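Here is the structure we will look at.
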Amino acid sequence: MRTPLAEEFGIEYPVFAFTPSKAVAAAVTRAGGMGVLGCVRYNDAAELDEVLTWMDENTDGKPYGVDIVMPNKVPTEGSTTDIAAMIPEEHKAFVSRVLDDLGVPPLGDDAEHNAGVLGWLHSVAEAHVEMSLKHRPVLIANALGSPPKHIVDLAHANGIKVAALAGAKKHAIAHVDNGVDIVIAQGGEAGGHTGEVATLVLVPEIVAALDGRAPVLAAGGIGSGSQVAAAIGMGAEGAWMGSRWLTAAEYGDDGGSKAMQEALVAATSADTVRTRIYSGKPARLLKSKWTEAWAAEGAPSPLPMPLQNILVAEAHQRISASQDPGVVAMPAGQIIGSLEGVVPVAETMAQIVTEYEAAVERLRGTLG
């Protein structure tokens, strides 16, 4: 499973794993892929410093990446206190009522309340970049468009490659024009923030449009070795996977919700919904009683980023603590229908490699 991009990074397999879990990211890197740690939830740069120090010490000297969210347009800068004051009372009342209706208990008196994610703000994201440069990631990815040009230049000055997700051909071209090194062509099947065009359509379209100007990673609905083979067959140089790692055993041991993992294993590929209720931008989530409540008649419209995430931050914390598989608030892609259980990362990676080899052999057999 060798591609020029894998060779450039010095990784054994062109499997890039986006995950909010440091344990999963490190395990993927140790298993021969590249773990990419999502940083958006770290409002405090000192906390990110601690986590990246852990990554430095637990990846056997192998390469890893970080994913930082820098939207092209962010309506508000400020502290969580300042921004929370902008949230309408009717939205707060709706969230409170839904949690009560779903039987989600309040947090305990000793619980530290989640104030919400500020990583969507450029000021916080830039602090993430600056902190990352004090460690040894080889890749900085941006989940929402091209990073600002000065961030791209700063990364390059420090020998770090820059990747950006694209849900359309025009976005991919704009990324490369802005100096981005790697385009992640993410189809609508993906979990989290995503567009509408399917991966099978989007990947070859972007590969053709870039015409060798930058390597492409395929994302969205990719979780098996045969799907990695298909992506490479379409011209991608590897796969960007997220949802596949949500049921990693390491995630459950690193703060991931066991109820969430149970719900994911039980879900089918039809059990996701694309909605703005998670962050204010369209994102694919696991269907649950929580998403259904927001889709019901009379529910308010989601607020813009970053207000929506601050609105639901404590709700997400309460939902996670309740450990009810029927009430989950989690980004997840359509690949969840293929998740068969809670499995260690090394076993999953070995399975992906075996499936890839079998797929290549099937393709080889068609040549006669």
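The values are calculated or read from the model by the stated rules, or taken from the named source; none is laboratory data. Here the structure is a predicted model, which means the values were calculated and not measured. Note that we place each Cβ from the backbone using ideal geometry, even for glycine, and neighbour counts take in every protein chain shown. Quick note on the areas: whole protein, heavy atoms, side chains included, nothing else; ligands and nucleic acids left out. Shrake-Rupley method; radii C 1.70, N 1.55, O 1.52, S 1.80 Å.
A few remarks follow.
- Accessible area of the stretch 142-245 belonging to carbon and sulfur atoms, whole % at 1.4 Å probe: 55
- Radius 12 Å from Cβ of HIS156, net charge of other residues (Lys, Arg +1; Asp, Glu -1): 0
- Angle in degrees between helix 307-322 and the longest Cα principal axis of the chain, rounded to the nearest 10: 90
- Summed residue charge, Cβ within 13 Å of ALA263's Cβ, Lys/Arg positive, Asp/Glu negative: 0
- Highest mean packing comes first when the peptides 338-345, 239-246, 204-211, 139-146 are listed by Cβ atoms within 10 Å, giving 239-246, 139-146, 204-211, 338-345.
- Links that overshoot a 27 Å alpha carbon limit, given the list LYS134/LYS161; LYS92/LYS287; LYS62/LYS258; LYS22/LYS92; LYS170/LYS289; LYS22/LYS169: LYS62/LYS258; LYS22/LYS92; LYS170/LYS289; LYS22/LYS169
- Simple spin-label estimate for MET86 and ARG2 in nanometres, 7 Å along Cα-Cβ: 5.2
- Largest to smallest principal axis extent of the C-alpha atoms in the stretch 210-269, angstrom: 44, 23, 15
- Cα-based helix-to-principal-axis angle, 199-210 vs the chain, degrees rounded to 10: 60
- Placing +1 on the Cβ of every Lys and Arg and -1 on the Cβ of every Asp and Glu, with no other charges, gives the chain a dipole of roughly 1000 debye about its Cα centre.
- Semi-axes of the equivalent ellipsoid of the stretch 191-349 are 29, 21, 13 Å, computed as sqrt(5λ) over the eigenvalues of the C-alpha gyration tensor in descending order.
- Dipole size of the stretch 261-368 about its Cα centre, with +1 on Lys/Arg Cβ and -1 on Asp/Glu Cβ: approximately 440 debye, rounded to the nearest 20.
- Student exercise, the stretch 177-328 dipole from Lys, Arg, Asp, Glu Cβ charges, in Debye to nearest 20: 300
- Highest-MSF residue in the chain out of HIS193, HIS150, HIS316 [GNM, Cα springs under 10 Å]: HIS150
- Take the Kirkwood radius over Cα pairs of the chain, plug it into Stokes-Einstein at 20 °C and 1.002 mPa s, and you get 103 µm²/s for translational diffusion.
- Within the accessible surface of the stretch 322-368, defined with a 1.4 Å probe on protein heavy atoms only, the carbon and sulfur portion equals 55 percent.
- Residues of the chain: accessible area per residue with a 1.4 Å probe, Å²: 41
- Where only C-alpha atoms are counted, convex hull volume of the stretch 273-368 per residue in Å³: 152
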